[in-house]
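First comes the structure, then the notes that go with it.
The values are calculated or read from the model by the stated rules, or taken from the named source; none is laboratory data. Just so it is clear, the structure is predicted and the values come from calculations on it, not from any experiment. Note that we place each Cβ from the backbone using ideal geometry, even for glycine, and neighbour counts take in every protein chain shown. Heavy atoms of the whole protein, side chains included, go into the accessibility calculation; ligands, DNA and RNA do not. Shrake-Rupley method; radii C 1.70, N 1.55, O 1.52, S 1.80 Å.
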Amino acid sequence: MPETRRRFLEKMTGGLGVVASAPWLLGSARRAGAAEPPGRKLGVALVGLGTLAGGELAPALQQTRLCRLTGLVSGHPEKARQWAQQYGVPEKNIYSYETFDRIGDNRDIDIVYVVLPNSMHAEYTIRAAKAGKHVLCEKPMAVSVSECDEMISACRAAGRQLAIGYRLQFEPYNREMMRLAREKVFGGLKIIETSVGFRTGDPNQWRLKMALAGGGSLVDLGIYALQAARYIAGEEPISVTAQTGLTDAVKFREVEESIVFDLKFASGVVASCSSSYATVLANRFWAGAERGWFELAPGQYYQGIRGRTGGPQGVKEMQFAAINQFAAEMDDFADCILNGKPTRVPGEEGRQDVRIMTAIYEAAANGRAVAL
Ligand code: NAD
């Protein structure tokens, strides 16, 4: 390795010897060039300029410390040009789905953020990795475990990091739920209840089409209830049971409207979880322990999360400063890439949810517990 590049890498890593063990760091620096100033922000390209990208991610990228919006991938050239003007993205950094693979030649782009319908996550993650980019992929990671495996392998083969967009893992109230459970502040944890519901509008949207969504309310909303149960419990479920609910057979022809599922953990802790596409804004993560309880309601919103703890000593409101969850998620990923650290939301974390959700569907279909 040329001396200038080694010095640059040592500066970036504080000489911690991660150079040899972090191929993604080496690749990033190679693309950035040895003369790149240490304060450089990593460039992010958004793939799929829909509701999340436009409403949350592009604005959040104006608040990030370690990354900035430098690329746009869209099937609508006019929309992409408007975004480029609004966010100061050079026109040369606009790609269509057909020209996407050329992103490999673009030094302005370090991270590809996949914000497409669920069934497209695997393809674009793999193509981005092959183009030499780190990948942040929205939840659910993919529509099957085998797709998750291919995504993990592609990023590993390319020496690039892969993270899943689990914004709540960076959110202070949700982190407090993890701490209260882990430190047994109210004694040992016994039971968890998590539910996320939302009333879907447009009956023609991709979320209601199996081929694009890969499932119904579970893969879109129930995944938050599942994540919360897993990160509050701090362990993995060993079996699941489940039932689906349906009150509108026309709208929910292809995917499930509502689902309730129970998780059993090896420690004896149990979780009762649910999701629905037909209830207005149901949103609660609750944990019951020996000497008290702790809950977030709402627990999953972009803003306005509130939490309480309770027990014989009374009920107390949690107090944390609001953050931009998407900016925190993207900055953490950039920090991991720049400093050769593993992300706390890797592909393996996304794969585990897809694996458990597959078992939940099997349990609902067969009416029996499924071991994990
Ligand atoms: P959306 O429908 O608003 O946007 C999807 C984008 O994909 C659009 O720009 C659309 O043009 C494009 N697209 C390309 N090919 C398409 C096709 N064949 N069919 C439909 N759209 C196509 O969706 P969204 O709400 O932005 O969700 C995108 C992803 O982000 C999903 O995976 C979703 O689960 C995830 N998401 C995550 C969060 C979160 O809080 N982390 C919130 C919302 C959505």
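Annotations for the structure displayed:
- Across the range 81-128, Cα pairs under 8 Å and at least six residues apart give a relative contact order of 27 percent.
- Ellipticity at 222 nm from helices only: DSSP H runs of n ≥ 4 in the chain, each -39500 (n - 2.57), divided by the residue count, give -9500 deg cm²/dmol.
- Percentage relative contact order, the range 256-344, counting C-alpha pairs under 8 Å, at least six apart: 14
- The chain: relative contact order as a whole-number percent, Cα under 8 Å and 6+ apart: 18
- For the residue pairs 41/341; 92/139; 92/133, the alpha carbons lie more than 21 Å apart in 92/139.
- Which of 304, 274, 260, positive extreme of dipole for the range 230-319 (C-beta unit charges): 304
- Pairwise label distance in nanometres, residue 130 with residue 146, each label 7 Å out on the Cα-Cβ vector: 1.8
- Among 203, 58, 352 the positive-end extreme of the charge dipole of the chain (Cβ point charges): 58
- Dipole moment magnitude, nearest 20 debye, the chain about Cα centre, only Lys, Arg, Asp, Glu C-beta charged: 840
- The order of 210, 120, 151 by accessible area, most exposed first and with a 1.4 Å probe, is 210, 120, 151.
- Restriction of the trypsin sites (Lys or Arg not before Pro) in the range 97-155 to DSSP coil positions whose beta-carbon has at most 16 other beta-carbons within 10 angstrom yields 107.
- Here the peptides 220-227, 333-340 are ranked by packing, the mean other Cβ count within 10 Å, and the order with the highest first is 220-227, 333-340.
- Residues listed by number, the range 276-293, amide nitrogen under 13 Å from residue 248 label point at 7 Å toward C-beta: 276-281
- Looking at the range 176-225, the GluC sites (Glu not before Pro) that sit in a DSSP loop and have at most 11 other Cβ atoms within 10 Å of their own Cβ are 183.
- Inter-label distance, residue 315 to residue 153: 5.2 nm, where each label sits 7 Å from its Cα along the C-beta direction.
- Restricting the range 247-287 to GluC sites (Glu not before Pro) in coil, as DSSP defines it, with at most 14 other Cβ within 10 Å: 254
- Ordering 213, 224, 82 by the projection of their Cα atoms onto the charge dipole of the chain, which places +1 on the Cβ of Lys and Arg and -1 on the Cβ of Asp and Glu, puts 82 at the extreme positive end.
- Annotation for residue 98 and residue 86: the two label points, set 7 Å from Cα along the Cα-Cβ direction, are 2.6 nm apart.
- Residue 160 exposes around 30 Å² of accessible area when a 1.4 Å probe is run over every protein chain in place.
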